Amino acid sequence: MFRPMRDLAPAVALNFTFDGKALKGRAGDTVAAALLANGIVACRETPVSGAPRAPYCLMGICFDCLVVIDGIGNRQGCLVPLAEGMAVETQHGRRHVEEV
Amino acid sequence: MTPLTDIGQLAEHYDLVVVGAGPAGLSAAARAAELGLIVLLVDENPTPGGQIYRAITTTPVKDRAVLGEDYWRGSSIVGRFERAKAAYAPGCTVWSLGPDEGEPGTFEIGLSLGGKARMIAASQAILTTGAQERPFPIPGWTLPGVMTAGAAQIALKGAGIVPVGRTVIAGCGPLLYLLASQLAAAGAEIVAVLDTTPKRNWTKALAAFPDFLRSPYLAKGLQLMAQTRRRLHFVSNVTGLAAAGEGRLASVTVERKGAAETIVCDTLLLHQGVIPGVNLTNAAGCEHFFDNEQHCWVPKLDRWFASSVPGIAIAGDGAGIGGAESAALRGEIAAFDAARRLGRLTKPERDRKAAPVRAELERRLRGRRFLDLLYKPAPQFLAPKDETIVCRCEEVTAGQIRDAARRLGVTGPNQMKAFLRCGMGPCQGRLCGPTVVELIAEVRGRTPAEIGYYRLRPPVKPVTLAELAALPQTEASVEAVVR
Ligand code: FES
């Protein structure tokens, strides 16, 4: 849903996955920005109705960017810097107790 | 500035802890350090700048014209902080702030950094947690593809990315023009800017116009407005908005002059001004009041930005919306007073040093009232139609809230939580609080001030049980549970 604008400063490319799919991001991106730049439509499903959601505020207040990062659920993708080799997954509903 | 990347590097105690690395926090921390205080600045973002100067040290956007010179001014604010002798903890979340029971006159601050939690102490605190966009609940605002205009600006500053495809911007406020022009300069395809400013606001706002004529931003603001209006497809007097789509946004329906029109689009960016983010200040026990002109909750502060809790000051837009330049100046003023409270400055010294900053602050705030009155959102965008989701976390609609207020006689937002769970999801009311208050006020024929706001409690940000369990135990906390 987003694309890089023209004439960006070069950045180190980072490999990461989303639900197992290999994607590329740029060093300096947050997880949420990297997902948007890769055209990912939704990153979580709500606990109440299962509706798909995507990052809404990108500033840490709405919690619609919640994802599972390297096995840990309920992480705010818009506050976590992307790192090489990260495994990002859709957050389905609430965080499950066995992850705690 | 010394960056701290591991929670173990934090000291047990600081003279001053500043929360939030936007212009107010950076200036407060720099000034306090310059005055000899031992200072820690904590910020949950990975880099300094807050939202307005987001990613100022790291942005991949090379063409300076895209973000504009006002943005790049942030470099000097960050630069000054970097030269100051203060500790800086990025990526660090404050989840609680309260008086230290064991040591009267100091605060205990709960922090998380890199998945580990810790409690530290501070003699003084300056909270510069800034503003958030005012919630803009319309049908379909939870669909992927709908986001705040501020979010698109953050994506642009931080990652150099722009929305793909047909983009619509909707709402009101001075920032709307800036956001539209920045996104257009970055190459976004903006098919329409939908202006929801109510026509009748002009009558009220004109009373404040003489003051606005002396505003330092007048010329710049008008130029930006004229340019944006000329270059982009502008639609004024919009009275209704609804986003629609299956699993993602497909279109937005626009009501104006009694007729409806549907615009096919891929991205919808919403913005109806900014309000102070009150979660931390409220949970810290600071008193707030409802500001009728800015139409939002604002902390009660004195001339030095000291809150009702001795030792806690609140500066920047969190003290009431004033804009980036005023935020930095407010931070300075709060820092002078912190130094005075700690005995580093006498009252006359503080007053003398702060006088020029205060004069500049007054100049910067000129014309604000005009903007507040002109861009006050229309009632239907504050208290939306029944089918609209109000609480995004718990998916509670305006209709359910009205019904609970009417039929069950729910009188306030705290009681509403018990019935509908609104405000009890992870965002802790940040995205629904103002709307819930507005709806109860509407049904009961009261003002938002009479209805009140959520009573917020720490932790103000989620912290895991594992983090809490790993906190070092004090004797008192062990005694409290071991019998
Ligand atoms: S997008 Fe709102 S909290 Fe991350």
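The values are calculated or read from the model by the stated rules, or taken from the named source; none is laboratory data. Source: prediction; values computed, not measured. Using ideal geometry, Cβ is built from the backbone for each residue, glycine included, and neighbour counts are taken over all protein chains shown. These area figures cover heavy atoms from the full protein model, side chains too; ligands, DNA and RNA do not enter into them. Shrake-Rupley method; radii C 1.70, N 1.55, O 1.52, S 1.80 Å.
Observations on the model:
- Spin-label model distance (nm) - B:D386 vs B:S75, 7 Å beyond Cα toward Cβ: 5.6 nm
- Cβ neighbours within 10 Å from other chains - mean over A:20-32: 3
- Ranked by how many other beta carbons lie within 10 Å on average, peptides A:30-38, A:74-82, B:193-201 from highest: A:30-38, A:74-82, B:193-201
- Summing Cβ point charges (Lys, Arg +1; Asp, Glu -1) relative to the Cα centre of segment A:1-76 gives a dipole of roughly 160 debye.
- Here's the picture: charge each Lys and Arg Cβ at +1 and each Asp and Glu Cβ at -1 in chain B, and of B:A284, B:S96, B:I321 the one pushed furthest to the positive end of that dipole is B:I321.
- Computed [θ] at 222 nm, helices only, for the protein assembly as shown once each DSSP H run of length n ≥ 4 contributes -39500 (n - 2.57): -8500 deg cm²/dmol
- Among beta bridges that DSSP assigns inside the protein assembly as shown, antiparallel share in %, nearest 5: 55 percent
- Estimated vicinal HN-Hα couplings, Hz - segment B:182-199 in sequence order (Karplus 6.51, -1.76, 1.60; Gly, Pro = x): 5, 5, 5, 5, 7, x, 6, 8, 8, 8, 7, 10, 9, 8, 9, 4, x, 4
- Helix axis angle, B:433-444 relative to chain B longest principal axis, alpha carbon, degrees: 60 degrees
- Entry note: segment B:199-264 has Rg to Rh equal to 1.12, where both radii use alpha-carbon atoms and Rh is the Kirkwood radius.
- Using a simple spin-label model with pseudo-atoms 7 Å out from Cα toward Cβ, B:E103 and A:N15 lie 4.9 nm apart.
- Whether segment B:135-272 is rounded, prolate or oblate, judged on the alpha carbon gyration tensor where a/c under 1.5 counts as rounded: oblate
- Gyration tensor (alpha-carbon) shape descriptor, the protein assembly as shown, a/c threshold 1.5: rounded
- Take each residue in A:47-54, count the other chain C-beta atoms within 10 Å of its C-beta, and the mean is 5.
- Restricting chain A to GluC sites (Glu not before Pro) that sit in a DSSP loop and have at most 13 other Cβ atoms within 10 Å of their own Cβ leaves A:E84.
- Per-residue mean of foreign Cβ neighbours for A:9-17 is 1 (Cβ atoms of other chains, 10 Å radius).
- Antiparallel bridge percentage (DSSP; both residues within chain A; nearest 5): 75 percent
- Once the Cα-Cα distance is subtracted from the 0.36 nm per residue extended length, the B:E12 to B:K199 segment shows a gain of 61.8 nm.
- In plain terms, the chain from B:F209 to B:D291 could stretch by 27.6 nm, reckoned as 0.36 nm per residue minus the Cα-Cα distance.
- Furthest towards positive pole of dipole, A:G39, A:L8, A:M86, structure part chain A, Cβ charges: A:L8
- Unsatisfied cross-links (Cα-Cα over 25 Å) in the set A:K24/B:K157; A:K24/B:K461; B:K204/B:K257: A:K24/B:K461
- Here the peptides B:311-317, B:144-150, B:67-73, B:44-50 are ranked by packing, the mean other Cβ count within 10 Å, and the order with the highest first is B:311-317, B:144-150, B:44-50, B:67-73.
- Cβ charges +1 (Lys, Arg) and -1 (Asp, Glu), total dipole of segment B:253-332, debye: 120 debye
- Chain A contacts chain B over a buried accessible area of about 3900 Å², both sides summed; the probe is 1.4 Å and only protein chains count.
- Net +/- balance of residues flanking B:E442 in space, Cβ distance below 13 Å, scoring K and R +1, D and E -1: +1
- Ordering of B:253-266, B:429-442 by burial proxy (mean other Cβ atoms within 10 Å per residue, highest first): B:429-442, B:253-266
- Unit charges at the beta carbon, dipole of chain B: most positive-side option, B:W202, B:A117, B:P356: B:W202
- Summed residue charge, Cβ within 13 Å of B:R118's Cβ, Lys/Arg positive, Asp/Glu negative: -3
- Segment A:14-42 and segment B:257-296: distance between their alpha carbon centers, rounded to Å: 29 Å
- Dipole magnitude for segment B:383-451: about 140 debye, using +1 per Lys or Arg Cβ and -1 per Asp or Glu Cβ, origin at the Cα centre.
- Reference-scaled alpha-carbon Rg (2.2 N^0.38 Å with N residues) for segment B:383-451: 0.94
- Accessible surface calculations at 1.4 Å, restricted to protein heavy atoms, place segment B:135-272 at 39 Å² per residue.
- With all protein chains modelled, accessible area of B:D15 [1.4 Å, Å²]: 20 Å²
- If you take all other residues with their beta carbon under 15 Å from the beta carbon of B:V254, and give Lys and Arg +1 and Asp and Glu -1, the sum is +1.
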